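One structure is given below, encoded as structure tokens.
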Amino acid sequence: MSEIAHSAADDEPLVRAAQRGDMTAFEELVARHRDKIFARAYSMMRNEEDAIDLSQEAWVKAWQRLKQFQRESSFSTWMTRIVINLCLDQLRRQKRQRAESIEAMDEESGGVERQMPVVTVNPTERLERAELRARIDRALNQLSEAHRTVLVLHEFEQMEYKLIAKTMGCSIGTVMSRLFYARRKMAVLLAELKKQD
Amino acid sequence: MAINEELSLKLQAYADGELSEREAREVADLLAKDTDARALVEELKNTCSALAGFEAEIKLPESREFYWSKIEREIRRLETSRTSRPEPSVFAAWRRFLVPAGALAVLVLAGFLIFPLLHGPHMAESAESEFTLPDSEAFTYHDYANGTTLVWLSYPAENEFADKDSEDTLD
């Protein structure tokens, strides 16, 4: 069943009711935005179980902090930022467990992508939507966490460089560099997948 | 024209609309005459358009009811644990302050009482002392540095009373 797109104005009465403690209103907000919140967590974590857990944790946090929601952005954007931050925390924890630093993630692989020839033919041209989706899915799995995160924040969350840098706790230069290599690698991976097909 | 890293990032910033008006005009001029730069920008744009709408097709693999039930359970659990925690009373707050303060006061007092005993004026002169009881052969030696005390008692006693007693008994 497809999710109906709800505008921020549609959410407003529900948000107000939820802020007064109405859990039924909050449940309706969850129902409206659960797919988007889950999808964002899944894009970042690439693991269904983690994405479900983190998205649910985000909803619990949202309920606890609902009174702090000042309507500077839409409810949907506010929710998405909560789940993004939870995913980033989780990725950092995982990195620490692997004795690596998220700040130093995979910069070393950037040089390789820079030297790769430009993909002149659009590898996704004339593909069925399902096939394209499967290819992107596989390509995203092959990106490093740092590259994938910056790509998700820019392409899916439409964040500007400055905001990505603030969210990830790195410089704008690092964001630009990671984004560039992520896109190049993505282009190459998609082209390779096309050849394999 | 060879595309170095700096130019690559500038081309990307151009494609993302992150350049100032002046810089964007410079890059547009460059793109008009540089096929490599044009190809790179094209590739970056292709990747962006391939990704567009990708997330919209990802669906939560759980039913609304099941997904919500877990969220609701966790919210209620957290709220119950918060409300079941008793409000700290004034007495409890005072006790939290008084217990460590009282313990500190006892320690300071003990310090005042013990310090002169351990480091009294006689200790400053010597770290050792000897003491002999008059009219007896008992003799004590105390080493303060090592905390050692030795007591000598002569046996059989060498004083006159003891000798007498001893002789009486043997008779």
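Of all residues in the range B:20-36, those that are within 11 Å of another protein chain (Cβ to nearest Cβ) and under 27 Å from A:Phe156 (Cβ atoms) total 0. A:Met105 falls short on exactly one of the conditions (1) crowded, with 18+ Cβ neighbours inside 10 Å; (2) farther than 25 Å from B:Lys59 by Cα; (3) at pLDDT 85 or above, and that condition is (3).
The residues of the range A:39-64 that are over 17 Å from A:Thr149 (Cβ atoms) and in contact (Cβ under 8 Å) with a residue 12 or more places away in the chain, listed by number, are A:Ile52, A:Glu57, A:Trp59, A:Lys61, A:Ala62, A:Trp63. For the structure I just gave you, tell me whether A:Met23 is surrounded by 20 or more Cβ atoms within 10 Å (Cβ to Cβ) and at pLDDT 95 or above. Judged against the criteria, A:Met23 is not a match. Residue under question is B:Leu44, and the condition is that it be hydrophobic (A, V, I, L, M, F, W, C), over 15 Å from A:Glu155 (Cβ atoms) and within 49 Å of the chain's Cα centre (by Cα); does it hold? Criteria not met by B:Leu44.
Take the conditions (1) closer than 16 Å to B:Glu43 by Cα; (2) at pLDDT 95 or above; (3) more than 9 Å from chain B (Cβ to nearest Cβ); A:Met159 misses just one of them, which is (1). Screening B:Ile3 against (1) over 14 Å from A:Met176 (Cα atoms); (2) within 11 Å of chain A (Cβ to nearest Cβ); (3) assigned to a helix (DSSP H, G or I) leaves a single unmet condition, (3). Checking each residue in the range A:24-38 for being of a type in the set (A, V, I, L, M), free of Cβ contacts under 8 Å to residues at least 40 places away in the same chain and facing another protein chain (nearest Cβ under 10 Å) picks out A:Val30, A:Ala31. Taking the listed residues B:Glu55, B:Glu6, B:Glu23, the one that is surrounded by 11 or more Cβ atoms within 10 Å (Cβ to Cβ) and modelled with pLDDT under 95 is B:Glu55, with no other qualifying.
Being in contact (Cβ under 8 Å) with a residue 12 or more places away in the chain and at the interface with another protein chain (Cβ under 10 Å from one of its Cβ atoms), is that true of even one residue in the range B:51-70? So far as the range B:51-70 goes, no, none of its residues is in contact (Cβ under 8 Å) with a residue 12 or more places away in the chain and at the interface with another protein chain (Cβ under 10 Å from one of its Cβ atoms). Just so you know, in the range A:53-70 the residues that are surrounded by 15 or more Cβ atoms within 10 Å (Cβ to Cβ) and touching a Leu at 6+ places or on another chain (Cβ under 8 Å) include one that is farthest from the other protein chains (Cβ to nearest Cβ), and it is A:Leu54.
The values are calculated or read from the model by the stated rules, or taken from the named source; none is laboratory data. As the structure is a computational prediction, the values presented were derived from the model and not from experiment. Methodologically, a virtual Cβ is constructed for each residue, glycine included, from the backbone with ideal geometry; neighbour enumeration extends over all protein chains shown.
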